[in-house]
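**Student:** Handing you this structure, nothing more for now.
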Amino acid sequence: MVSYKELGLVNTVEMFKKAVAGGYAIPAFNFNNMEQMQAIIQACAETKSPVILQVSSGARKYANQTILRYMAEGAVQYAKELGWEHPQICLHLDHGDTFELCKSCVDMGFSSVMIDASSLPFEENIKLTKQVVEYAHKYDVTVEAELGVLAGVEDEVSAEESHYTKPEEVIEFATRSGCDSLAISIGTSHGAYKFKPEQCKVDPATGRLVPPPLAFDVLHEIEKKLPGFPIVLHGSSSVPQDEVDTINKYGGALKAAVGIPEEQLREAAKSAVCKINIDSDSRLAMTAAIRKVFAEKPAEFDPRKYLGPARDSMKKLYMHKIINVLGSAGKAE
Ligand code: G3H
Ligand code: 13P
Ligand code: ZN
């Protein structure tokens, strides 16, 4: 048993309390490899932003949970080396689907876990979430739960269509499960194809697809039911069109990739939404940078020569999110 406290990590209690009161959101960035982790920490150290490093099921399969945990421990030391005296870094399991998985993360030093039982019936979701909460809270590990279903693929949980969170269920769910934060469904979804073209309008000036707005009415009803309770938004990548264009320019084939407009995320960050999950945008930034090097320097074969620019590009993206979208810069001085 390793406590996250020994590793210099923090849970989400203080982070979320301050974020809700201050009208900003904590970035929750997924990481699968060293370059992503370095870019996240460089961006957060430079802006003094609290951060949640997320490990998904896919990341565990790809990189190994133990390695990622040691990388998070390394991230704390790296942050200090970069001059961030008091780094506020949380290591979080993204979309945990069983009690055993959540327990294994708690036992090996994660400071926060998500139990995603959103595909189960209401009572079963409460039961499983409560079981995780009872275990995690013994070690001061915070627990995110989910109510409502996002459209698209939720790791291995697939849902044909989005089922918005029902505001009338949130009080009972939060009270009986004891979760520390709640992921809700208000129209976001995972990946780079969040909306079908037929759901969008076309901007006559740019010819770009304009997605339907998020259900802010549902969010505000939830806020009224659970004043001050930390709300989480998954699927919050904006799918920057310049990155999509770069990928396509250099041989990619991303068609009709659409994300959540940043002004809507800015608005959400001012509400009880205090954790915003971003993964796809980092994948796009990385892919665009690598494709550019491959196209412009076909003789290059040193991975550092393409992973380096990819890391720089991701850092730029993370800084932009922190400063211009989530408003978390300077909140972890
Ligand atoms: O929730 C979805 C995240 O983007 C993680 O995706 O399972 O492919 O790592 P992944
Ligand atoms: P995106 O695919 O929009 O980046 O969402 C990531 C996410 O919600 C991770 O849990
Ligand atoms: Zn998610």
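The values are calculated or read from the model by the stated rules, or taken from the named source; none is laboratory data. Note that the structure is a prediction, hence the values are computed from the model and not measured. Glycine also receives a Cβ, built like all others from the backbone with ideal geometry; neighbour counts cover every protein chain displayed.
**Student:** Taking the residues in segment 276-308 that are surrounded by fewer than 18 Cβ atoms within 10 Å (Cβ to Cβ) and of a type in the set (Phe, Trp, Tyr) as candidates, determine which candidate is nearest to ligand 1 (Cβ to nearest atom).
**Tutor:** PHE294
**Student:** Say whether the condition of being β-branched (Val, Ile, Thr), under 22 Å from CYS274 (Cα atoms), away from ligand 2 (no atom under 15 Å from the Cβ) and not in a strand (DSSP E or B) is met by at least one residue in segment 77-100.
**Tutor:** Within segment 77-100, the first condition is being β-branched (Val, Ile, Thr), and the residues that meet it are 89, 98.
Then keep just the ones that are under 22 Å from CYS274 (Cα atoms); that gives 89.
Next, only the ones that are away from ligand 2 (no atom under 15 Å from the Cβ) stay: 89.
Next, only the ones that are not in a strand (DSSP E or B) stay: none.
Taking every residue of segment 77-100 in turn, none turns out to be β-branched (Val, Ile, Thr), under 22 Å from CYS274 (Cα atoms), away from ligand 2 (no atom under 15 Å from the Cβ) and not in a strand (DSSP E or B).
**Student:** I'd like the full set of residues that are crowded, with 17+ Cβ neighbours inside 10 Å, among the charged types (D, E, K, R) and more than 16 Å from ligand 1 (Cβ to nearest atom), limited to segment 161-201.
**Tutor:** Scanning segment 161-201 gives a single hit, ASP180.
**Student:** Restricting the search to segment 81-111, which residues are touching a residue at least 40 places away in the same chain (Cβ under 8 Å), surrounded by fewer than 23 Cβ atoms within 10 Å (Cβ to Cβ) and charged (D, E, K, R)?
**Tutor:** Residues satisfying the conditions are ASP97, ASP107.
**Student:** Something else now. Do the conditions hold for VAL113, that is, is it outside any loop (DSSP other than H, G, I, E, B), within 16 Å of ligand 2 (Cβ to nearest atom) and among the β-branched types (Val, Ile, Thr)?
**Tutor:** yes
**Student:** When you go through (1) small (Gly, Ala, Ser); (2) without any contact (Cβ under 8 Å) to a residue 12 or more places away in the chain; (3) under 23 Å from LYS331 (Cα atoms) one by one for ALA299, which number turns out not to apply?
**Tutor:** (3)
Residue by residue, here is whether (1) more than 17 Å from the chain's Cα centre (by Cα); (2) modelled with pLDDT under 95; (3) surrounded by fewer than 24 Cβ atoms within 10 Å (Cβ to Cβ) holds:
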site	(1), (2), (3)
GLY8	yes, no, yes
LYS17	yes, no, yes
ILE26	no, no, no
MET37	no, no, yes
LYS48	yes, no, yes
ILE52	no, no, no
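**Student:** Then there's this: Give me the strands (runs of 3 or more DSSP E) completely within segment 163-281, filtered to those with at least 1 residues that are among the hydroxyl-bearing types (Ser, Thr, Tyr) and within 16 Å of ligand 2 (Cβ to nearest atom), ordered by residue number. It would help to see each step written out before you state the result.
**Tutor:** On the way: elements: 181-184, 231-233, 273-278.
It comes to 181-184.
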